[in-house]
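Engineer: Encoded as structure tokens, here's the structure I'll be asking about.
The values are calculated or read from the model by the stated rules, or taken from the named source; none is laboratory data. Given the structure is predicted, the values throughout are model-derived calculations rather than measurements. Note that each Cβ is placed from the backbone with ideal geometry, even for glycine, and that neighbours are counted across all protein chains shown. Surface accessibility is based on the protein's heavy atoms, side chains included, excluding ligands, DNA and RNA. Shrake-Rupley method; radii C 1.70, N 1.55, O 1.52, S 1.80 Å.
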Amino acid sequence: MSTYLRAREISQEPVVTLAGEDVARIKDVVFDPMRGSITCFTLSGRGLLAGPLKRALLWKKVHALGPDAVMIRDEDSLEEDDEAARERIEAPGGGSVIGARVMTEEGSALGTITDVIIETSGTPKVIGYEVGPTARTGQTVFLPVIRPKSVSEEMMVVPACTADFTAGDPAGLPAAAEGLRRRLEQEA
């Protein structure tokens with residue numbers, strides 16, 4: 001059974017070793033928006049007054065991503081510095097997509113990204129975006145992630161037919177993605 005989490009639900013989750021030691025908190029989820037794969041997490045310290053840690057957690061070092069914690073083998077799973085996270089954030093298409101406008105390649109605005117939806121069964125992957133209401137629809141929708149044309153912190157340009165495959169909730173994203181995938185294959 002698939003479980004879907006919003007990126008904001010993962011932020012502030014504890015990072016816990018298999019020995020039960022709470023070693024950090026998730027600050028940000030860093031992912032490749034063109035591929036939909038999670039690459040790493042930036043971290044903050046434990047406690048209310050703790051600031052960012054200058055360490056990162058690469059996805060390949062995660063033992064499990066659960067609804068209540070990110071599990072790692074031991075504290076050695078954390079990178080000694082946050083260089084890996086900075087490299088991924090500074091790469092083309094890196095950075096935050098929260099607040100970016102979604103536009104079809106034909107110039108139709110679909111809304112503004114308010115969150116990233118992650119499927120946690122198997123290898124976690126980004127499966128879609130929660131997109132805030134546009135003046136045209138007045139509704140929040142969920143868009144599948146398939147072959148965006150371009151991605152920046154300000155704008156995501158998607159194939160025109162993406163607007164035809166939205167979902168009303170995260171659980172509807174797999175069906176919307178399958179429909180979009182089929183349409184894109186027909187149009188290719």
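Engineer: Mind checking which residues of the range 1-46 are among the β-branched types (Val, Ile, Thr), within 11 Å of the chain's Cα centre (by Cα) and closer than 13 Å to GLY66 by Cα?
Structural biologist: The one that is among the β-branched types (Val, Ile, Thr), within 11 Å of the chain's Cα centre (by Cα) and closer than 13 Å to GLY66 by Cα: ILE10.
Engineer: Are any of the residues in the range 23-42 surrounded by fewer than 19 Cβ atoms within 10 Å (Cβ to Cβ) and either in contact with a Leu (Cβ under 7 Å, 6 or more places away or on another chain) or farther than 30 Å from MET155 by Cβ (or both)?
Structural biologist: no
Engineer: Could I ask something else about it? I need a count of the residues in the range 6-27 that are closer than 22 Å to ILE98 by Cα and part of a loop (DSSP other than H, G, I, E, B).
Structural biologist: 3
Engineer: Continuing with the same structure: As an exercise: evaluate ASP169 against (1) under 24 Å from SER11 (Cα atoms); (2) modelled with pLDDT of 90 or more; (3) open to solvent by less than 20 Å² (accessible area, probe 1.4 Å) and give the number of the one condition it does not meet.
Structural biologist: Result: ASP169 passes all but (3).
Engineer: State whether the residues of the range 37-47 include one that is of a type in the set (D, E, K, R) and in a strand (DSSP E or B).
Structural biologist: First, the residues of the range 37-47 that are of a type in the set (D, E, K, R): 46.
Filter again for in a strand (DSSP E or B), leaving none.
No, the range 37-47 contains no residue that is of a type in the set (D, E, K, R) and in a strand (DSSP E or B).
Engineer: Continuing with the same structure: So in the range 97-106, with the set limited to residues that are open to solvent by less than 20 Å² (accessible area, probe 1.4 Å) and aliphatic (A, V, I, L, M), which one is modelled with the highest pLDDT?
Structural biologist: VAL102
Engineer: Just need a number here: residues in the range 141-161 that are surrounded by 17 or more Cβ atoms within 10 Å (Cβ to Cβ) and part of a loop (DSSP other than H, G, I, E, B).
Structural biologist: Total meeting the criteria: 4.
Conditions tested, residue by residue: (1) assigned by the TED database to the domain that holds VAL158; (2) more than 30 Å from GLY20 (Cβ to Cβ); (3) modelled with pLDDT of 80 or more; (4) open to solvent by less than 50 Å² (accessible area, probe 1.4 Å).
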site	(1), (2), (3), (4)
VAL70	no, no, yes, yes
SER77	no, no, yes, yes
ASP81	no, no, no, no
GLY95	no, yes, no, yes
SER108	yes, yes, yes, no
GLY111	yes, yes, yes, yes
GLU119	yes, no, yes, yes
GLU130	yes, yes, yes, yes
ARG136	yes, yes, no, no
